[in-house]
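> Got a structure for you, questions after.
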Amino acid sequence: MPFRRSKTDVVDRARGALLGLAVGDALGAALEWLSPEQIAARYGGPLRDMVASGMWAMGEWTDDTAMMLALGQSLSDRDGYDEDDLFARYAVWIRSGPKDVGSTVRGALERARSADEARALAERYHEQSGARSAGNGSLMRTAPIGIRYRGDRSELERCTRADSSMTHHDPLAADACVFFNLTLAALLDGRKLPKPESAAAEAAMAATAAGEDDLLDEVQRRTGFVLTALRVGYAAAFGRESFEDAVVFAANLGGDADTNAAVAGALAGARYGTDAIPQRWLEPLRDREVISGVATRLARA
């Protein structure tokens with residue numbers, strides 16, 4: 001039976017969500033674009049520990065967490081969704097030369113001077129790519145909105161769609177972000193999970209009953225697609241009985257492993273709480289106290 005959580009519990013689960021996102025991102029970074037067979041050959045089986053790999057140091061996260069932090073810090077510092085401030089933070093970040101930026105996000109932000117210009121560039125990218133702009137780049141960052149507006153569905157949906165559309169013109173991406181944030185909000189507050197009211201939501205819910213082979217095929221064929229990340233996140237967070245098992249499952253499917261595991265980690269962190277995150281993952285995590293502090297401020301707003 002759903003119940004209202006205490007403020008302390010809400011804060012703990014908010015911290016679990018953002019730290020869970022970051023540890024999933026950092027674990028999955030070492031597995032990006034690999035197949036399970038390649039992962040097994042490289043690591044002797046599923047990867048369960050933080051490692052350095054390629055351009056990523058142990059515990060270092062990717063653009064997923066970088067954009068999540070920019071969004072979370074803007075919401076916290078401005079006490080709500082301030083689009084001009086948020087765009088400025090995204091712009092500063094992308095002009096700083098990050099190691100990794102998705103093509104859809106880059107197409108919208110790299111040359112934009114305002115949120116409106118970013119949306120116009122996102123629409124142009126959508127057209128030039130043959131209407132293929134439903135990437136996972138807004139889903140990976142959207143969790144802070146779910147925390148900040150967990151008690152206000154109207155604002156949660158409005159702000160989620162506004163943030164997603166700044167970089168992703170396809171409304172499917174926004175639909176996925178909205179359902180993700182409604183789910184996150186429900187987990188934080190101890191309410192019933194939302195009913196699916198969009199194709200994206202229905203796809204996510206169906207994934208909880210999908211077989212591992214079906215998800216593996218999807219992950220390897222449809223890398224970077226928003227519904228792939230959403231479906232893997234739901235299958236992992238609601239189909240595994242611990243935070244660690246959820247994130248290990250999502251990351252070791254390979255493909256866009258950092259984002260898939262980040263989405264799974266956010267949901268599983270909200271479901272199981274901060275204490276469920278393995279200490280061996282938290283200890284090397286870059287800026288873990290900063291991430292924890294952002295989550296705490298958002299949950300207390």
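The values are calculated or read from the model by the stated rules, or taken from the named source; none is laboratory data. Not measured: the values here are computed from a predicted model. Because the Cβ atoms are built from the backbone with ideal geometry, glycine has one as well, and the counts that use them run over all protein chains shown.
> Would you mind finding the one in Ser133, Ser129 that is crowded, with 21+ Cβ neighbours inside 10 Å and at pLDDT below 95?
Ser133
> Do we have Ala264 as of a type in the set (Gly, Ala, Ser), at pLDDT 95 or above and either out of contact with any Gly (no Cβ under 6 Å at 6 or more places or on another chain) or over 17 Å from Arg13 (Cα atoms) (or both) here?
Values: of a type in the set (Gly, Ala, Ser): yes; at pLDDT 95 or above: yes; either out of contact with any Gly (no Cβ under 6 Å at 6 or more places or on another chain) or over 17 Å from Arg13 (Cα atoms) (or both): no.
No; evaluated as a whole, the condition is false for this residue.
> May I ask you to list pairs of residues, at least six apart or on different chains, whose Cβ atoms are under 6 Å apart, with the first in region 84-106 being without any contact (Cβ under 8 Å) to a residue 40 or more places away in the chain and aliphatic (A, V, I, L, M) and the second being in a helix (DSSP H, G or I) and crowded, with 17+ Cβ neighbours inside 10 Å?
As it stands, the answer is Ile94/Leu109; Val101/Asp63, since those pairs meet every condition given.
> Based on what the data block shows, is Ala52 closer than 28 Å to Leu227 by Cβ and either surrounded by 15 or more Cβ atoms within 10 Å (Cβ to Cβ) or out of contact with any Leu (no Cβ under 6 Å at 6 or more places or on another chain) (or both)?
Values: closer than 28 Å to Leu227 by Cβ: no; either surrounded by 15 or more Cβ atoms within 10 Å (Cβ to Cβ) or out of contact with any Leu (no Cβ under 6 Å at 6 or more places or on another chain) (or both): yes.
So Ala52 does not fit the description; no.
> If you don't mind, another one. Tell me, which residue of region 169-205 that is touching a Phe, Trp or Tyr at 6+ places or on another chain (Cβ under 9 Å) and outside any helix (DSSP H, G or I) is nearest to Arg106 (Cα to Cα)?
His169
> Now for a separate question. Please determine, by comparing only the residues of region 24-53 that are free of Cβ contacts under 8 Å to residues at least 12 places away in the same chain and part of a loop (DSSP other than H, G, I, E, B), which one is nearest to Asn252 (Cα to Cα).
Keep residues of region 24-53 that are free of Cβ contacts under 8 Å to residues at least 12 places away in the same chain, which gives 37, 40-45.
Next cut, part of a loop (DSSP other than H, G, I, E, B) only: 44-45.
Values: Gly44: 12, Gly45: 9 Å.
Of everything passing the filter in region 24-53, Gly45 is nearest to Asn252 (Cα to Cα).
> Can you give me the ranges of the helices (runs of 4 or more DSSP H) entirely in region 76-149 with at least 3 residues that are within 23 Å of Leu19 (Cβ to Cβ)? Before you say what the answer is, go through the steps one by one.
On the way: elements: 83-94, 103-109, 115-128, 143-148.
Result: 83-94, 143-148.
> Still on this structure, I have one more. What's the number of the only condition in (1) over 19 Å from Gly137 (Cβ atoms); (2) surrounded by fewer than 21 Cβ atoms within 10 Å (Cβ to Cβ) that Arg15 fails to meet?
It fails just one condition, (2).
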